Amino acid sequence: MLMKIICFDELSDLQPKLELEKVRTMSEEERKKYIELYCAYLDLLIQYLCKKIDLISYETKLKNSGLNFKEVEENKMDIYQYLSSDYLKYFYLRNTLHINRLNKLDYEVLLNKLERNDMTLDEEAEKLIDRTYGNIIREEEGTTISYGPNSSSFFVLNGNLVIGFRYDEFADLGLSDEEWDEQHDKQIPFLLNCLAEVENNANEKLDIPTNIVQYSEFSVKERNLNKEEAKSR
């Protein structure tokens, strides 16, 4: 599978200002390599999460519910959901990655996979992710971190894994107002139950405490499609 690669402007929506300035001062070649390594690590981490907590089965459950959980169109996704969208249509990784914390050996393993254009989650890659991602997702400062608007719904303990969830809640499905309200009333308890299952499963099977955070069009920053378009590797 091809790996999504973003441009520097899109990276600015992911990285803290201090780290972004370090990347900005790199040579063009170094900056390109950093972004590729960021995307490679994220790609492997998404595969790792799909394997460990079977996220795809929960997505299938939503799709087969008969409740019209419409997927968000790619051009309406934020950068976080976009980067996970090769594997997942509703769930996505919401943490920022600090890949500069990789030690030399792990850096070389990731670099070698990138140079071979091999993004399979083989045994070596799985072990790399397993032993490093807890450190890679931890922020430098703060007991709690905001992963969205300034609301308690989006504050999570620093160091926790944050899995975002978003569907097109207000999609025009050709329903009357009454039909839409009836369907939406059924969606809410079904979804809350599903997200609770995912969170409980993740906290049982992963070594890192996990929070599921639900987003909507009102709590994300959509990708700026006027920026230089990212290409797939």
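The values are calculated or read from the model by the stated rules, or taken from the named source; none is laboratory data. For clarity, every value in this text was computed on a predicted model and none was experimentally measured. With ideal geometry, Cβ positions are generated from the backbone for all residues, glycine too; neighbour counts draw on all protein chains shown. Surface accessibility is based on the protein's heavy atoms, side chains included, excluding ligands, DNA and RNA. Shrake-Rupley method; radii C 1.70, N 1.55, O 1.52, S 1.80 Å.
Annotations for the structure displayed:
- Qualifying residues in region 113-142 (those that are open to solvent by 80 Å² or more (accessible area, probe 1.4 Å) and at pLDDT 95 or above) - the one nearest to the chain's Cα centre (by Cα): Arg138
- Qualifying residue in region 194-216 (condition: of a type outside the set (Val, Ile, Thr), surrounded by 12 or more Cβ atoms within 10 Å (Cβ to Cβ) and part of a strand (DSSP E or B)): yes
- The residues listed here are Glu21, Glu59; of these, the one that is at pLDDT below 95 and charged (D, E, K, R) is Glu21.
- Residue in region 7-28 that is surrounded by the most Cβ atoms within 10 Å (Cβ to Cβ), counting only those that are assigned to a loop (DSSP other than H, G, I, E, B) and within 18 Å of the chain's Cα centre (by Cα): Gln15
One line per residue, one yes/no per condition, for (1) in contact (Cβ under 8 Å) with a residue 40 or more places away in the chain; (2) open to solvent by less than 10 Å² (accessible area, probe 1.4 Å); (3) out of contact with any helix residue (DSSP H, G or I) (no Cβ under 7 Å at 6 or more places or on another chain):
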site: Tyr34; (1), (2), (3): yes, no, no
site: Leu37; (1), (2), (3): yes, yes, no
site: Tyr41; (1), (2), (3): yes, yes, no
site: Leu44; (1), (2), (3): yes, yes, no
site: Tyr48; (1), (2), (3): yes, yes, no
site: Ile53; (1), (2), (3): yes, yes, no
site: Ile56; (1), (2), (3): no, no, no
site: Lys63; (1), (2), (3): no, no, yes
site: Lys70; (1), (2), (3): yes, no, yes
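- A search for C-beta distances below 8 Å between a residue of region 129-156 that is at positive phi and any residue that is assigned to a loop (DSSP other than H, G, I, E, B) and not β-branched (Val, Ile, Thr), counting only pairs 6+ apart in sequence or on different chains, returns Gly142/Asn158; Gly148/Tyr215; Gly148/Ser219.
- Put simply, of Ile129, Ile163 the only residue that is touching a Phe, Trp or Tyr at 6+ places or on another chain (Cβ under 6 Å) and in a helix (DSSP H, G or I) is Ile129.
- If you filter region 172-186 down to residues that are in a helix (DSSP H, G or I) and touching a residue at least 24 places away in the same chain (Cβ under 8 Å), you find that the one that is most open to solvent (accessible area, probe 1.4 Å) is Lys186.
- The set of residues from region 143-160 being in a helix (DSSP H, G or I) and surrounded by 16 or more Cβ atoms within 10 Å (Cβ to Cβ) comprises just one member, Phe154.
- The sole residue among Leu97, Leu105, Leu110 that is open to solvent by less than 10 Å² (accessible area, probe 1.4 Å) and either in a helix (DSSP H, G or I) or touching a Ser or Thr at 6+ places or on another chain (Cβ under 9 Å) (or both) is Leu110.
- Residue list for region 69-107, restricted to those being of a type in the set (S, T, N, Q) and closer than 23 Å to Lys33 by Cβ: Ser84, Asn95, Thr96, Asn100, Asn103
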